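Below: one structure, written as structure tokens.
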Amino acid sequence: EDPIPPAGSVNDELLAKEFLGDFNTRAMDVYSKSAFKAWDYNTNITEYNREQMVNSNLETAVFSKDMSGYANAFDQTGFTTDTKRQLDSIRYIGSAALPDEELEELENILSGMESRYSTGKPCEAGTCYSLEPDLTRIMATSHDYSELYWAWNAWRAEVGAPAREDYTRYVELKNQAAIANDQPDAGAYWRSYYEVDNLQEITEKLYDELQPLYEQLHAYVRRKLFNRYGADYINLRGPIPAHILGNMWAQSWSNLYDICEPFPGKQAVDITPALVEQNYDALRMFELSDEFFESLGLIKMPQEFWDHSMIEKPDDGRDVVCHASAWDFSNQVDFRIKQCTDITMDDFITIHHEMGHIEYYLQYKDLPVVYRGGANPGFHEAVGDVLALSVSTPKHLKEVGLIDEVVDDQEADLNFLMSIALDKISFLPFGYLMDQYRWGIFNGTTPESKFNEDWWKLRLRYQGIIPPTTRTEEDFDPAAKYHIPADVPYIRYFISFVLQFQFHETLCEAAGQTQELYKCDIYNSTDAGTLLANMLKMGSSKPWPEALDAIIGSTEISAQSLINYFQPLIDYLKEQNEMNGDTVGWAEMYTPKDPELDLTRWEMGYEQWQVDMAEWKKSFE
Ligand SMILES: CC(=O)N[C@@H](CC(=O)O)C(=O)NC[C@H](CC1(C(=O)N[C@@H](Cc2ccc(O)cc2)C(=O)O)CCCC1)C(=O)O
Ligand SMILES: [Zn+2]
């Protein structure tokens, strides 16, 4: 351990390369030790395992700090791009840049917030309900307004409000760490992963292009919910109550398919009953997914994956983090999924999502550790979802025996497109607002005194939903969504939902599929698989526009592919909304169309909605 030379004092690329080689060997050892400790905690939440994980993270931080110092010692003048890129990724070390005491405090806050969320079990009349599967099933299947309200509110009371104090301190420490990494705040540090200085403009432009699609779907679904719940609960001009959309966070509306189906009974698209009838278990669902990856000539899941993944919720009373996740143990050998798999279509899709992460890990496992990541985080989130777009087609589901006939006509196509839109289009505003919210907290726009109010302003503005009861600053509803207490950025998912349709379009061409994009199934196409694999192999070794160019032949992220995919449905939704005389949006009451309009209308949020509801109901008397 020779002393670290002063910053920028060593202008010798041979020495730098020697350092990078040494770093790579040691990093694999240090990172894998930490990963196994985190795995032990995530698959068995005990105080001992939590402490073991925290201590391991603290040791990793010492290593990262040390290595950052060495990387900083080099004067990069004249160095190759690659050497510079590797050194820069070692210099910036996240929370490890905090002094030991603050880092330990942050690690304890993080593991404490994770534990609270993952062990949260609201109880009612002697029965306690886990999020997965208990509350998730209620949100997905109940049509009872007050039962849904109970589940929605109980979860927020259990894991939301209690997290507020931790979160306030978490924000301070995250910002302190960002500054220690030459960033103004933690949001800027998160955005720096994308290596562009205009990420907010890029995502805002994409959202502006996609917002009209969402408005149409929102109006259509609002009408269907009006038919189910009536005028006492649904204002056809206003926002939708947040708890009746089939999902705890109103971020995916696929569980409303039964009332949204354009042509009832025309074409089955929900394979949940078939999975149950055919005695599918988690393992068989995973094997079916792996078979799809193999059909493209991609790398199949290694034996260690099958030996050590946790694909079902343990029934031995252990507390585990049920939120699904994929793991790269940084040792080029161990790759796992942890998922409390339910036998549903939703979870079958999630399996593909997680396996997409594993495929990326496998494709770039021989790169230097610093390059073992997505071209940008959105790429990592898109891989599995791209394959799932093929798997979800009626053509493919028939091929694997999960539906017994394919009806090939316009009506059946619209049924299918509706089922995908209820997942993909409904998600867009949520995927967009989650980090708008946190960027606002990190840069001080949202003070602690408005943590909950600003959350609901964004939920109202972008999702057109409203809480089913008045919320106050005694609540902290954002913490009821995993990624907030788990400190996981989210704009990656919004970017993935755009990218995955660009990838799908290109892979379908490569597979020689010439019919409408939504009918495409790339199953068995090694041409498509090779095109995808060649991009995955790049990891994060090049700026993401180069990786994008490698797969789709353009460096531009664009919403056009998503719009192309859904075009027939968008036309249908417009026609239906006009026919029903529905005005799209919730605008005239809640979105200041003209910037001059005083923003205090946002503060009125729920209260204003109550007033409008009273007036609205009167019109039915
Ligand atoms: C060690 C580690 O943490 N590994 C990372 C992977 C990595 O970074 O290498 C990881 O596994 N993260 C977990 C996270 C899980 C899921 C998620 O949180 N999804 C979002 C948004 C969404 C919703 C619908 C959809 O179709 C796709 C995404 C949500 O549910 O809100 C849950 C179900 C799907 C994906 C994930 O896999 O992204
Ligand atoms: Zn993911």
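Okay, here's what the table says:
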| read-out | value |
| --- | --- |
| Checklist (1) on the phi > 0 side of the Ramachandran plot; (2) within 8 Å of ligand 1 (Cβ to nearest atom); (3) polar (S, T, N, Q) applied to SER325, failing item | (1) |
| Single match in SER426, SER496 (criterion: among the hydroxyl-bearing types (Ser, Thr, Tyr), within 16 Å of ligand 2 (Cβ to nearest atom), crowded, with 21+ Cβ neighbours inside 10 Å and within 30 Å of VAL171 (Cα to Cα)) | SER496 |
| Subset of the range 271-308 that is over 29 Å from PRO394 (Cα atoms) and among the charged types (D, E, K, R) - its residue that is surrounded by the most Cβ atoms within 10 Å (Cβ to Cβ) | GLU304 |
| Selection count where residues are farther than 16 Å from ARG492 by Cβ and among the hydrophobic types (A, V, I, L, M, F, W, C), scope the range 425-442 | 3 |
| Which listed residue, of GLU359, GLU405, GLU354, is charged (D, E, K, R), farther than 22 Å from ILE552 by Cβ and surrounded by 20 or more Cβ atoms within 10 Å (Cβ to Cβ) | GLU354 |
| Among residues of the range 354-363, those that are touching a strand residue (DSSP E or B) at 6+ places or on another chain (Cβ under 9 Å) and touching a residue at least 60 places away in the same chain (Cβ under 8 Å), counted | 3 |
| Residue in the range 464-493 that is nearest to CYS322 (Cα to Cα), counting only those that are more than 16 Å from ligand 2 (Cβ to nearest atom) and in a helix (DSSP H, G or I) | ALA480 |
| Number of the condition not met by ALA324 [criteria: (1) within 16 Å of ligand 2 (Cβ to nearest atom); (2) under 22 Å from LEU532 (Cα atoms)] | (2) |
| Residue in the range 84-99 that is closer than 22 Å to GLN332 by Cα, buried (at least 18 other Cβ atoms within 10 Å of the Cβ) and within 16 Å of ligand 2 (Cβ to nearest atom) present | no |
| Selection within the range 309-346 - among the aromatic types (Phe, Trp, Tyr) and surrounded by fewer than 22 Cβ atoms within 10 Å (Cβ to Cβ) | PHE329 |
| Residue check for ILE351: within 25 Å of TYR432 (Cα to Cα), more than 11 Å from ligand 2 (Cβ to nearest atom) and in contact (Cβ under 8 Å) with a residue 40 or more places away in the chain | yes |
| Scope the range 159-176; condition buried (at least 21 other Cβ atoms within 10 Å of the Cβ) and of a type outside the set (Phe, Trp, Tyr); matching residues | VAL159, GLY160, ALA163, LYS174, ASN175 |
| Yes/no for ALA219 being in contact (Cβ under 8 Å) with a residue 60 or more places away in the chain and part of a helix (DSSP H, G or I) | yes |
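Where a number appears in this text, it was derived from the coordinates with a stated rule and is not lab data. Quantities reported herein were computed from a predicted structural model and do not represent experimental measurements. Glycine also receives a Cβ, built like all others from the backbone with ideal geometry; neighbour counts cover every protein chain displayed.
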